[in-house]
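Visitor: Dropping a structure here in structure tokens format, bear with me for questions.
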Amino acid sequence: MSKAGWILALSLMTGVAAADDARISFPLDYKSTFTNYLNLDRVQNEDQIIHLFANDIAIEAAQAGKELPTGSVLVGEIYAARKDENGKVQKSSLGLRIRDKLAAVAVMQKGEGWGTAFPEGLRNGDWDFAIFSPDGKRLEKDLNACRQCHAPLADTQHLFSLEHMAR
């Protein structure tokens, strides 16, 4: 292939990657139309709290013990934990982190054939990820960190909280 051909091929691949990154939109109405099914101290980050929401088709499938279908959307509101003047995370009398400001909104969505875009170690079935600021602007984050963290969870459909949705 000529140098010009390689440049064209690389630019097309870059364009496809950018289009894939944008395939998940910020769900504007999630607070009023999704179910808030779990709130907890975030296990992966010692200074965060997460509130988890799921749309109806995800909740219904989980409660029926079925695989979550294409179109399932999960939203995680990620809050910073309140810190004292020394930077230490504050906890309530229950031993739980005290919520401070909303830092980001993470979205996990399942789309038909989406998993084929990723190598095996980053594949999460057909789930993909996006991270937004609290006002809905897409944040430029390394989503492979999300993909890699969820990839080993094939037994729970790549979710940390499936059993909480199924209640």
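Visitor: Can you list the lysines whose alpha carbon is less than 27 Å from that of Lys110, not counting same-chain residues fewer than 8 positions off?
Guide: Output for Lys110: Lys31, Lys66, Lys137, Lys141.
Visitor: Expressed as a whole percent, how much of the Cα-Cα distance distribution for segment 93-149 exceeds 13 Å?
Guide: Working: 1061 of 1596 pairs.
Counting every Cα pair in segment 93-149, those more than 13 Å apart make up 66 percent.
Visitor: Given the DSSP H assignment, sum -39500 (n - 2.57) over each helix run of at least 4 residues in the chain and divide by its residue total; what's the result at 222 nm in deg cm²/dmol, nearest 500?
Guide: Working: 5 runs with 43 residues, N = 167.
Helices in the chain give a 222 nm mean residue ellipticity of -7000 deg cm²/dmol.
Visitor: Net charge around Cys149, counting only other residues with Cβ within less than 14 Å of its Cβ (Lys, Arg = +1; Asp, Glu = -1)?
Guide: Charge balance near Cys149 sits at +2.
Visitor: List, in order, the whole-Hz ³J(HN,Hα) value for each residue of segment 119-131 obtained from phi through the Karplus relation with A = 6.51, B = -1.76, C = 1.60 and θ = phi - 60°; use x for Gly and Pro.
Guide: With coefficients 6.51, -1.76 and 1.60, one gets x, 3, x, 10, 7, 10, x, 10, 7, 9, 10, 8, 10 Hz.
Visitor: Which aspartates and glutamates, on any chain, are close to Lys91 with Cα under 15 Å apart, when same-chain ones fewer than 8 places away are left out?
Guide: Partners found: Asp41, Glu46, Asp47, Asp100.
Visitor: Quick one: check the C-alpha center-to-center distance for segment 96-166 versus segment 24-54, whole angstrom.
Guide: Between the Cα centres of segment 96-166 and segment 24-54 lies a distance of 11 Å.
Visitor: Could you state the angle between the C-alpha long axis of helix 3-21 and the longest principal axis of the C-alpha atoms of the chain, as a value from 0 to 90 degrees rounded to the nearest 10?
Guide: It is inclined by approximately 30 degrees.
Visitor: Could you give the radius of gyration (one decimal) and Dmax (whole number) of the Cα atoms in the chain, in Å?
Guide: 18.0, 67
Bear in mind that the values in this text are calculations on the coordinates, not laboratory data. Remember, predicted model here, so these are calculated numbers, not experimental data. Cβ sites come from the backbone with ideal geometry, for glycine too, and all protein chains shown count toward neighbours.
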